[in-house]
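A.B. asks: Could you have a look at this structure, given as structure tokens, before my questions?
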Amino acid sequence: MKIGYAASSGERDIFDTLKYTKEHGFDCVELNVNMPIFFPENFTKREREQIKKYKEENHIAITLHAPEDITLLQLQEGIRKATIDRFKEVIDLGYDIGASRMTMHIGSAVCFTLTDRKSYLDESYCEEYKKVLKESLIELSNYAQGKIYLCIENSGRFPERIVQETLEELLSQENLYLTWDIGHSYTNQYNEVDFFLKHIKYIKTCHLHDHNGKSDHQIIGSGNVDFKWHIEKMKELDVYYIIEVRPRENAVKSLEKLKTIIDK
């Protein structure tokens, strides 16, 4: 069982992050590529080799989190192509530095605020969005083949009709896997718990943080998430557990609490 932390807000540079991972008892780390310090263009071939060597010598596993400010629910073809190209650059970075898996969000479609509710464009153009989502995921999963596990996370909207139905179709056919964020699924707004239990063999990453009934991304043990139940469901799988609690000092506190929960 590998346990790591999500390196994002507050990180200084990649080697400081890897050093912090090692010194604070984590087995792995998830580099969040929303952070400019982790952008692919910032690392030369030689620097990528140095990162890979450092992580191997210190027995640290690396995972990536793809940028969240771009979406696969994109009907404008030029923007969709640019999105795919950017994800491919992140996949290449992951491969070069020895990362084993990359978590990514599907993203959201355009949202209009009506007088009585919010209306998402994918609800009106369901088949069009499903088509571009399927095409994008197939292209990315083919590109990632032999390089990295491509893992789709339940983040934000995770609608059954668009996202879950598309994943249901592709998981058994493509080089595609899952990241189960158990803090996000605590409210089970999209019946995603059933979805992940049904497709549990495809889970490669699990994001850990607590939910107190109002807010998620809380320190483990301060809320209501049943961590032991979830981990028991995945105990036979090759899953990396990433503590997504920030800043990283709180991830360390969460690691200490998680160990007591697991050992009970």
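A.B. asks: May I ask you to rank Arg12, Arg86 by accessible area, largest first, using a 1.4 Å probe over the protein chains only? Could the numbers behind the result be given before it?
C.D. replies: Values: Arg12 155, Arg86 55 Å².
Largest accessible area first, the residues go Arg12, Arg86.
A.B. asks: Right, here's the next one. What are the ³J(HN,Hα) values, in whole Hz, obtained from phi via the Karplus relation 6.51 cos²θ - 1.76 cosθ + 1.60 with θ = phi - 60°, for each residue of segment 57-74 in sequence order, with x given for Gly and Pro?
C.D. replies: For segment 57-74, the Karplus-derived couplings read 5, 9, 6, 10, 8, 10, 10, 10, 10, 5, x, 9, 8, 10, 10, 7, 8, 9 Hz, x marking Gly and Pro.
A.B. asks: Ok, one more. Using amide H atoms built 1.01 Å from N in the peptide plane, name the residues 5+ places from Leu208, or on other chains, whose amide H lies under 5 Å from its own.
C.D. replies: Hits under the 5 Å cutoff: Ile242, Ile243, Glu244.
A.B. asks: Just to check I understand the Karplus step: with θ = phi - 60° and J = 6.51 cos²θ - 1.76 cosθ + 1.60, what whole-Hz values come out for segment 112-123, glycine and proline as x?
C.D. replies: Values, residue by residue: 9, 8, 8, 5, 10, 5, 9, 10, 8, 4, 5, 6 Hz.
A.B. asks: Now for a separate question. Please work out how much length the chain gains when fully extended from Asp238 to Glu49, using 0.36 nm per residue of separation minus the C-alpha to C-alpha distance, in nm with one decimal.
C.D. replies: Details: separation 189, 0.36 × 189 = 68.04 nm, distance 2.54 nm.
The span from Asp238 to Glu49 would gain 65.5 nm if fully extended.
A.B. asks: Using a 1.4 angstrom probe, figure out how much accessible area segment 198-258 has per residue, in square angstrom, rounded to the nearest whole. The partial results should precede the final answer.
C.D. replies: Details: 2850 Å² over 61 residues.
I get 47 Å² per residue for this part.
A.B. asks: Going by Cα centres, segment 207-264 and segment 182-199 are how many Å apart?
C.D. replies: After rounding, the separation between the Cα centres reads 16 Å.
A.B. asks: Amide H to amide H, which residues 5 or more places from His65 or on other chains are under 5 Å from it, using H placed in the peptide plane?
C.D. replies: Counting only residues 5 or more places away or on other chains, the set is Leu31, Asn32, Val33, Thr103.
A.B. asks: Give a residue-ordered list of calculated ³J(HN,Hα) values for segment 237-249 (Karplus: 6.51 cos²θ - 1.76 cosθ + 1.60, θ = phi - 60°; whole Hz; x for Gly, Pro).
C.D. replies: Working through the residues one at a time gives 9, 7, 10, 9, 9, 10, 6, 9, 10, 10, x, 5, 4 Hz.
A.B. asks: Given Cα pairs under 8 Å that are at least 6 residues apart, what percent is the relative contact order of segment 12-151?
C.D. replies: RCO, segment 12-151: 25 percent.
A.B. asks: Moving on to the next point. I need the shape label for the chain. Rule: rounded when a/c is under 1.5, else prolate if a/b > b/c, else oblate, with a, b, c from the alpha carbon gyration tensor. It would help to have the intermediate numbers written out before the result.
C.D. replies: Values: a/c = 1.66, a/b = 1.18, b/c = 1.40.
It is oblate, given that a/c is not under 1.5 and a/b is not larger than b/c.
A.B. asks: Counting only protein heavy atoms and a 1.4 Å probe, tell me what percentage of the chain's accessible area is made up of carbon and sulfur. If you can, show how the numbers build up before the last one.
C.D. replies: Numbers: 5800 of 12360 Å².
Reported share for carbon and sulfur atoms: 47 percent.
A.B. asks: Net charge within 9 Å of Thr179 by Cβ-Cβ distance, Lys/Arg positive one each and Asp/Glu negative one each, not counting Thr179 itself?
C.D. replies: Working: positive: Arg101, Lys204; negative: Glu153, Asp181.
Within the 9 Å Cβ shell, the charges total 0.
A.B. asks: Could you rank Met102, Met1, Met35 by how accessible they are, 1.4 Å probe, largest area first? Walk me through the intermediate numbers first.
C.D. replies: Numbers: Met102 0, Met1 120, Met35 45 Å².
Listed by decreasing accessible area, they come as Met1, Met35, Met102.
A.B. asks: In addition: List the residues, sorted by chain then number, that are 5 or more residues from Ile203 or on another chain and whose placed amide H is less than 5 Å from its amide H.
C.D. replies: Amide H neighbours of Ile203, under 5 Å, 5+ apart: Leu178.
The values are calculated or read from the model by the stated rules, or taken from the named source; none is laboratory data. Because the structure is a prediction, the values reported are computed rather than measured. Please note: Cβ atoms are built from the backbone with ideal geometry, for glycine as well, and neighbour counts cover all protein chains shown. Just so you know, the surface numbers come from the protein's heavy atoms only, side chains and all, with ligands and any DNA or RNA stripped out. Shrake-Rupley method; radii C 1.70, N 1.55, O 1.52, S 1.80 Å.
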